[in-house]
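Trainee: What follows is a single structure, and I will ask about it in a moment.
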Amino acid sequence: MKIIEVGPRDGLQNEQRILSSEEKITYIELLVDAGISRLEAVSFARPDRVPQMADAEAVMAGVPRRDSVSYIGLVMNERGLDRAIASGVDEANLVVVATETFCQRNQGMSVREALRGTEKMVERATAGGLSVSVTIGAAFGCPFEGEVSTQQVMDIVTVVDQLGVDEIALADTIGVGTPVDVRRLVGAAKQITQKPLRLHLHNTRNTGYANAFAALEAGVSSLDASSGGIGGCPFAPSATGNIATEDLTYLLERSGVSVGLDFDRLLAASDFVTAKLGIATPALLGRAGWFPAPDYPDALTRD
Ligand code: ZN
């Protein structure tokens, strides 16, 4: 199981305070120092719609380039793809939303039109030397239409599977899913595609970690997480963000699944970004600490 750090993109995109490009670069450096090797660093959304990500080019110009680290840019349209290729990201993450209403509001087109556009963008991104993933947004539920059927999502998986992408992601954009939904969707997707599957989970209703474990058991290869659990949800103003990288690291490592991250350095990245954002960290491991504690002063005096 691989953790894909999305704090610099999904986390910062949904926080009120806008960090400077220098602060974002420092945050990314700390994450790379902690061992993160796939990182969604920026979004090439329209700057007037997502001002938090307006400096994507400046951020990409300053991130530490190492052979072992792959930088992902979120791409919403052709113009964004031009920017992504020019900025030097290693991967493009394209988005197709599962429901008509959300797709219209988000991209101003039908799902069918979005899939046609995605086909063109996959070709161009691949020709531009980028790896490509497609994320199916609102796969677990839609803020406008409510329940989303398995068939609706699988119809999109079927089309995307034929596009020559490197990975397919299912996103619980509004954090409504449960482990049963993870098993249902991942199980159905595996009937359709051999591509590596990635899950994008939010902990909006505290089901994020249970969902992550269900994903592990269902054979998902990668999980998105944000350090500190930063990032809210634009459709639920007081909601918490993604599942937290450090809490997910604890869950997986203590379950015998190595993710290759330095825990103390992860906490340093979380402390840095939450201090800059001026928010309390939703993640719990920074407060509770790892177990067993390596040096617990009064361990012997407790019963
Ligand atoms: Zn998200």
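Trainee: Report the FRET efficiency, 1/(1 + (r/R0)^6), for residue 180 and residue 116, where r is their Cβ-Cβ distance and R0 is 35 Å, rounded to 0.05.
Mentor: For R0 = 35 Å, the calculated efficiency reads 0.60.
Trainee: With a ≥ b ≥ c taken as the square roots of the eigenvalues of the C-alpha gyration tensor of segment 156-216, please select rounded if a/c is under 1.5 and otherwise prolate if a/b is larger than b/c or oblate if it is not?
Mentor: Note, shape of segment 156-216 comes out prolate.
Trainee: While we're on this one: Can you pull the percent of segment 2-301's accessible area that's carbon plus sulfur, 1.4 Å probe, other chains left in place?
Mentor: The computed percentage sits at 50.
Trainee: Pairs of alpha-carbon atoms within less than 8 angstrom and 6+ residues apart define the contacts here; what relative contact order does the chain have, in percent?
Mentor: About 19 percent, as a whole number.
Trainee: Now a separate question. Enter the angle in degrees (range 0 to 90, nearest 10) between the Cα long axis of helix 150-161 and the first principal axis of the Cα atoms of the chain, meaning the one along which they spread out most.
Mentor: So the inclination is approximately 80 degrees.
Trainee: Let me ask another. Using only the Cα atoms of segment 2-301, what do you get for the radius of gyration and for Dmax, in Å?
Mentor: 18.3, 66
Trainee: Modelling each spin label as a point 7 Å along the Cα-to-Cβ direction, I'd like the residue 264/residue 18 distance in nm, to one decimal.
Mentor: Each label point is offset 7 Å from its Cα along the Cβ direction, giving 3.7 nm.
Trainee: Would you calculate the separation in nanometres between label points at residue 104 and residue 65, each defined as 7 Å from the Cα along the Cα-to-beta-carbon direction?
Mentor: It works out to 4.4 nm between the two label points.
Trainee: Continuing with the same structure: Modelling each spin label as a point 7 Å along the Cα-to-Cβ direction, I'd like the residue 271/residue 287 distance in nm, to one decimal.
Mentor: If labels sit at residue 271 and residue 287, their model points lie 1.7 nm apart.
Trainee: For segment 85-101, take each phi angle, set θ = phi - 60°, evaluate the Karplus expression 6.51 cos²θ - 1.76 cosθ + 1.60, and give the result in whole Hz per residue in order, putting x for glycine and proline.
Mentor: My calculation for segment 85-101 gives 4, 5, 7, x, 5, 8, 9, 10, 10, 8, 10, 10, 8, 6, 10, 4, 5 Hz in order.
Trainee: Tally the DSSP beta bridges in the chain and give the antiparallel ones as a percent, rounded to 5.
Mentor: 5
Trainee: So what J values fall out for segment 49-57 if you push phi through Karplus, 6.51 cos²θ - 1.76 cosθ + 1.60 with θ = phi - 60°, rounded to Hz, Gly and Pro as x?
Mentor: Calculated HN-Hα couplings, in order: 8, 10, x, 4, 10, 4, 9, 3, 5 Hz.
Trainee: Next question, about the same structure. What number, rounded to the nearest 500 deg cm²/dmol, is the helix-based mean residue ellipticity at 222 nm of the chain, given -39500 (n - 2.57) per DSSP H run of at least four residues and division by all its residues? Write down the numbers at each step before the final one.
Mentor: Details: 11 runs with 120 residues, N = 303.
Here the helix-only value at 222 nm equals -12000 deg cm²/dmol.
Trainee: Same structure again: Please give the direction-averaged projected area of the C-alpha convex hull for segment 44-192, in square nanometres with one decimal. Show your work: numbers first, answer last.
Mentor: On the way: hull surface 36.7 nm².
Averaged projected hull area, Cα only: 9.2 nm².
Trainee: Relative to the present Cα-Cα distance, how much length would full extension add between residue 192 and residue 46 at 0.36 nm per residue of separation?
Mentor: Between residue 192 and residue 46, full extension yields 49.2 nm more.
The values are calculated or read from the model by the stated rules, or taken from the named source; none is laboratory data. Note that this is a predicted model, so its numbers are computed, not measured. Positions of Cβ are backbone-derived with ideal geometry, glycine not excepted, and every protein chain shown enters the neighbour counts. Just the protein is used for accessible areas: all its heavy atoms, side chains included, with ligands, DNA and RNA removed. Shrake-Rupley method; radii C 1.70, N 1.55, O 1.52, S 1.80 Å.
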